[in-house]
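See structure below.
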Amino acid sequence: MLFRMANEARFRKAFNLLGVSAERQTCQAMKGLIAEGDQVIQATGDAAVKDAALVAAGQRVEHYEMAGYGSARNFAQQCGRNDVADLLQQTLDEEGNADKKLKEVAESSVNPAASHA
């Protein structure tokens, strides 16, 4: 929750720096990724395999977010808005760290357990 609040605060600051207002919009692609994770949770089957699938679903969410933040950061840089790019880079770094942790969990325990199920 704190991570999300920090992201939202950065986005508000970025929009303020740009002098524009932000409107919340629902991202259908993200809704789809979350729905896939929910399907894994509801699925029956081996718990280790479900754990591996859930970690993979989390990684897909992180990768999707990183693609968006990276593109927005690059666009801000191209527009000469390094102040906004720096804010987006902070969020991109946090998402990268979350992805790294998921990768470590997958490689160190979850995937090996699933492969023996």
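Quick notes on this structure:
- Charge dipole magnitude, Cβ of K and R +1, D and E -1 - the range 54-109, Cα centre, debye nearest 20: 140
- Set against the 2.2 N^0.38 Å expectation for a compact globular protein, the range 2-115 has a Cα radius of gyration ratio of 1.26.
- Phi-based couplings in Hz for the range 71-76 (Karplus 6.51, -1.76, 1.60; Gly and Pro marked x): 5, 5, 4, 4, 5, 4
- Ignoring lysines fewer than eight residues from LYS101 along the same chain, the ones with Cα atoms less than 23 angstrom from its Cα are LYS31, LYS50.
- For the range 24-31, 3J(HN,Hα) computed residue by residue from phi via the Karplus equation (6.51, -1.76, 1.60; θ = phi - 60°) reads 5, 9, 8, 8, 5, 5, 5, 4 Hz, glycine and proline entered as x.
- Dividing the summed helix terms, -39500 (n - 2.57) for each DSSP H run of n ≥ 4, by the number of residues in the chain produces a 222 nm estimate of -27000 deg cm²/dmol to the nearest 500.
Throughout, read-outs are computed from the coordinates displayed, never taken from laboratory work. Fair warning: this is a prediction, and the values are worked out from it, not measured in the lab. Cβ coordinates were reconstructed from backbone atoms using ideal geometry, including for glycine residues, and neighbour counts include every protein chain displayed.
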